[in-house]
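Following: one structure in structure tokens, then a few remarks.
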Amino acid sequence: MAVFRFIALVLIVLGLMLLGADVVTMLETGAEPRLRSLENIWALFSASGVEAFKVWIAEIVPAPGADGIMAVLNLPAFAIFGVIGVILAVLFRER
């Protein structure tokens, strides 16, 4: 259980770091808020990986499922990591 609590903490911190990076970018450019999606973060590490994943998922999962996965990739990255971290923290809290 301690491992899952640690993973939850890491995910929450990662979500806060991504939110902070979005705020700093917004302040630097002076433009309107632009949140990085999970796809954008993934593309920072491997641009061809995102495109290969999209092609692969379209081949194996039927159309509504693939569209749902693509919608998740377009969500703000901080929200995905933060929400998963909070859910794990609640599920594996000490009782």
Note to self: All but one of (1) at positive phi; (2) surrounded by 12 or more Cβ atoms within 10 Å (Cβ to Cβ) hold for ALA77; state the number of the condition that does not hold.
What the structure shows: (1)
Notebook entry, point to check: From the residues in segment 12-46 that are open to solvent by 50 Å² or more (accessible area, probe 1.4 Å) and of a type in the set (S, T, N, Q), which one is farthest from PRO76 (Cα to Cα)?
Noted result: THR29
Checklist line | Residue list for segment 62-74, filter: in a helix (DSSP H, G or I) and open to solvent by 50 Å² or more (accessible area, probe 1.4 Å) | finding: ALA63, PRO64, ASP67, ILE69, ALA71, VAL72
Notebook entry, point to check: Residues in segment 53-61: is at least one open to solvent by 90 Å² or more (accessible area, probe 1.4 Å), in a helix (DSSP H, G or I), without any contact (Cβ under 8 Å) to a residue 40 or more places away in the chain and of a type in the set (D, E, K, R)?
Noted result: yes
Notebook entry, point to check: in contact with a helix residue (DSSP H, G or I) (Cβ under 7 Å, 6 or more places away or on another chain), surrounded by fewer than 15 Cβ atoms within 10 Å (Cβ to Cβ) and within 30 Å of VAL3 (Cα to Cα), is that true of VAL90?
Noted result: no
Next item on the list: Starting from segment 1-18, keep only residues that are closer than 14 Å to ILE80 by Cβ, then list their pairs with residues that are open to solvent by less than 60 Å² (accessible area, probe 1.4 Å) and among the β-branched types (Val, Ile, Thr) whose Cβ atoms are within a distance under 8 Å, requiring at least 6 positions of separation or different chains.
Entry: GLY15/ILE80; LEU18/ILE41
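The values are calculated or read from the model by the stated rules, or taken from the named source; none is laboratory data. Just so you know, these numbers come straight off a predicted model, no measurement behind them. Every residue, glycine among them, receives a Cβ derived from its backbone with ideal geometry; neighbour counts consider all protein chains shown. Side chains are part of the model used for accessible areas, which takes the heavy atoms of the whole protein and leaves out ligands, DNA and RNA. Shrake-Rupley method; radii C 1.70, N 1.55, O 1.52, S 1.80 Å.
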